[in-house]
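Notes follow the structure.
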Amino acid sequence: MRRKIKKITKMFLCFLKYMYYLAFCKITKVNNDSIWLISERGNDARDNSYHFYRYIKENHQDINIKYVIDKKSSDAKKIKKEDIVEYGSRKHYIYFLTASKLISTHIMGYSPDMSIFWRLDKLGWLKLKGKKIMLQHGITQNYLAFMSKKIAKLDLFICGAYKEYEYILKEYGYTEKEVKYTGFARYDNLKSKEKRQILVMPTFRKWLNYTDDFTSSEYFKKWNSFLNQKELLAYLESKNLELIFYPHYEIQKYLSQFKTPSKRIILASFKDYDVQKLLIESSVLITDYSSVFFDFAYMKKPVIYYQFDLKKFRKDHYQQGFFDYDKMGFGPVCTTENKLISALKNIENDDNRNVDEFFKYHDFHNCERIYQEIIKL
């Protein structure tokens, strides 16, 4: 009950601030037509938005681009001081309302609160001057209603793969003017520099948000069991390999619950590790349904899928989209721990099936294509 009251109070205060700054901008006739406001989630700079920001700073200095981020974030040092807009600040509200371009990896990622302002926009209560541009956090392989034109009302929807582009056009209500296949900004930096390292990146589950005992969940038991599997530990030792366990952002709060006896296994925190660096340096990726496997496959490196809860995932998390793991996947699909260990021990380093068909662009000019599409707006 207390949590619910706190949430409602936060929403109310946020809405009051929005109304205040909306009136302020109208009365004072604030003009920020030259500003491009960019962000990820307000506390990070390591995804498509960061890579696009860096590209603009290096190649199009005439663009007045500002980055929304909490100054206490470990990523804030990546952004030039003069470009930082403190998350939730007075300047943030004003730029949010008046900038000509609003760019993010997430729906309303450039806003003072993604959840609240997404709801306000859905209701038609938001009055924004800027064009809404989504660079995406990952390739959209499942149907996500909140990203549809009816709800998100995006002016530009950037796609990372051609088949994704076709799927968005068909199912999400956007037109060819709004959906563009350019490739993701971060793909321009995906140049493999492998170490003797296996990366394990499971995604989150919606139902875990409502559990009081995470360690009793199937999710925890399956992944923790894998991290303690004797055959896995022996394999890492015999091959002189390191395994990095880096769960989804929403699961990071439970990271300390996972245990392993091996010094070759690292339980990696969001604060200390950069996802793209891990992808570039790893030789094999193990995941379940995380779209991060697209980045890995883009570099033509082997992927293994561990899907022990597919039916529940489809029922209670994300609906089936265009991507079929068995037919279109970039590696073996495993449903049991034993099959996963076997697949890992027999993985082929040249398993690049379906990659060239899925990604039409491999030229490292994705950022420039995105820039050109934004300019057209």
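The values are calculated or read from the model by the stated rules, or taken from the named source; none is laboratory data. Note that the structure is a prediction, hence the values are computed from the model and not measured. Note that each Cβ is placed from the backbone with ideal geometry, even for glycine, and that neighbours are counted across all protein chains shown.
Would you say ILE133 is assigned by TED's automatic domain parsing to the domain that holds ILE168, touching a strand residue (DSSP E or B) at 6+ places or on another chain (Cβ under 6 Å) and not in a loop (DSSP other than H, G, I, E, B)? It would help to see each step written out before you state the result.
Details: assigned by TED's automatic domain parsing to the domain that holds ILE168: yes; touching a strand residue (DSSP E or B) at 6+ places or on another chain (Cβ under 6 Å): yes; not in a loop (DSSP other than H, G, I, E, B): yes.
Judged against the criteria, ILE133 is a match.
The residue of the stretch 79-96 that is surrounded by the most Cβ atoms within 10 Å (Cβ to Cβ), among those that are under 15 Å from GLU40 (Cβ atoms) and of a type in the set (A, V, I, L, M), is VAL85. The residues of the stretch 94-111 that are in a helix (DSSP H, G or I) and of a type outside the set (S, T, N, Q), listed by number, are ILE94, TYR95, PHE96, LEU97. Within the stretch 169-198, residues that are of a type in the set (Lys, Arg) reach partners that are crowded, with 21+ Cβ neighbours inside 10 Å and part of a loop (DSSP other than H, G, I, E, B) with beta carbons closer than 7 Å, at six or more positions or on different chains, in the pairs ARG186/ASP47. Counting the residues of the stretch 199-218 that are without any contact (Cβ under 8 Å) to a residue 24 or more places away in the chain, under 22 Å from TYR306 (Cα atoms) and exposed (fewer than 11 other Cβ atoms within 10 Å of the Cβ) gives 1.
For every residue, the table says whether it meets (1) free of Cβ contacts under 8 Å to residues at least 24 places away in the same chain; (2) small (Gly, Ala, Ser).
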{"residue": "ASN48", "(1), (2)": "no, no"}
{"residue": "ASN59", "(1), (2)": "no, no"}
{"residue": "VAL68", "(1), (2)": "no, no"}
{"residue": "LYS78", "(1), (2)": "no, no"}
{"residue": "TYR87", "(1), (2)": "no, no"}
{"residue": "ARG90", "(1), (2)": "no, no"}
{"residue": "ILE94", "(1), (2)": "no, no"}
{"residue": "SER100", "(1), (2)": "no, yes"}
{"residue": "MET108", "(1), (2)": "yes, no"}
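Is one or more of the residues making up the stretch 334-348 buried (at least 17 other Cβ atoms within 10 Å of the Cβ), of a type in the set (A, V, I, L, M, F, W, C), at pLDDT 90 or above and not in a helix (DSSP H, G or I)? Walk me through it before giving the result.
So in the stretch 334-348, the residues buried (at least 17 other Cβ atoms within 10 Å of the Cβ) come out as 334, 337, 340-341, 343-344, 347.
Still in the running and of a type in the set (A, V, I, L, M, F, W, C): 334, 340-341, 343-344, 347.
Now narrow it down to the ones that are at pLDDT 90 or above: 334, 340-341, 343-344.
The next check asks that each one be not in a helix (DSSP H, G or I); those that pass are 334.
Yes, that holds for at least one residue.
Those helices (runs of 4 or more DSSP H) of the stretch 231-321 in which at least 2 residues are outside the structural domain of ASN43 (by TED's automatic domain parsing), in contact with a helix residue (DSSP H, G or I) (Cβ under 7 Å, 6 or more places away or on another chain) and of a type outside the set (Ser, Thr, Tyr), considering only elements entirely within it, cover 275-281, 292-298. Exactly one residue out of ALA152, ALA45, ALA76, ALA99 is surrounded by fewer than 19 Cβ atoms within 10 Å (Cβ to Cβ) and hydrophobic (A, V, I, L, M, F, W, C): that is ALA76. The residue of the stretch 2-29 that is farthest from THR98 (Cα to Cα), among those that are modelled with pLDDT of 95 or more and in contact with a Leu (Cβ under 8 Å, 6 or more places away or on another chain), is TYR18.
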